[in-house]
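The values are calculated or read from the model by the stated rules, or taken from the named source; none is laboratory data. If you're wondering where the values come from, they're calculated on a predicted model, not measured in any experiment. Ideal geometry is used to build each Cβ from the backbone, glycine not excepted, and the neighbour counts take in all protein chains shown.
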Amino acid sequence: MAYQEKTLVCNDCGVNFTFTVEEQEFYAQKGYTNEPKRCAECRAAKKQQSRSGEGGGYRQREMFPAKCATCGKDCQVPFQPRNDRPVYCGDCYTKVRTQSRG
């Protein structure tokens, strides 16, 4: 299918933006059936807003304090630690995970 650039209107700011041939090919490759509703600037702002946990119905993930089983460093993890399972800081987790893959 031959794509042609389309001019769309951003739902957030009302500015016209171009849905390029490359973007349309990317959308088709990913199986997306809807065209974008926001311009690049508004998409970036929405993504940043969701990362910072501000509004949009997104919840900030609860973090729990823990002590790394390997190096003893205090760290934060996104789950409630249990006494029967080791907890690792980010650096040690990466090492353990790499070692377990062989």
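Remarks
- Residue within region 45-56 that is free of Cβ contacts under 8 Å to residues at least 60 places away in the same chain, assigned to a loop (DSSP other than H, G, I, E, B) and acidic (Asp, Glu) present: yes
- Only listed residue being at pLDDT 90 or above, of a type outside the set (Lys, Arg), farther than 30 Å from Arg43 by Cα and in a strand (DSSP E or B), chosen from Pro81, Pro86, Pro65: Pro65
- Filter result (surrounded by 11 or more Cβ atoms within 10 Å (Cβ to Cβ) and among the β-branched types (Val, Ile, Thr)) within region 1-55: Val9, Val15, Thr18, Thr20, Val21
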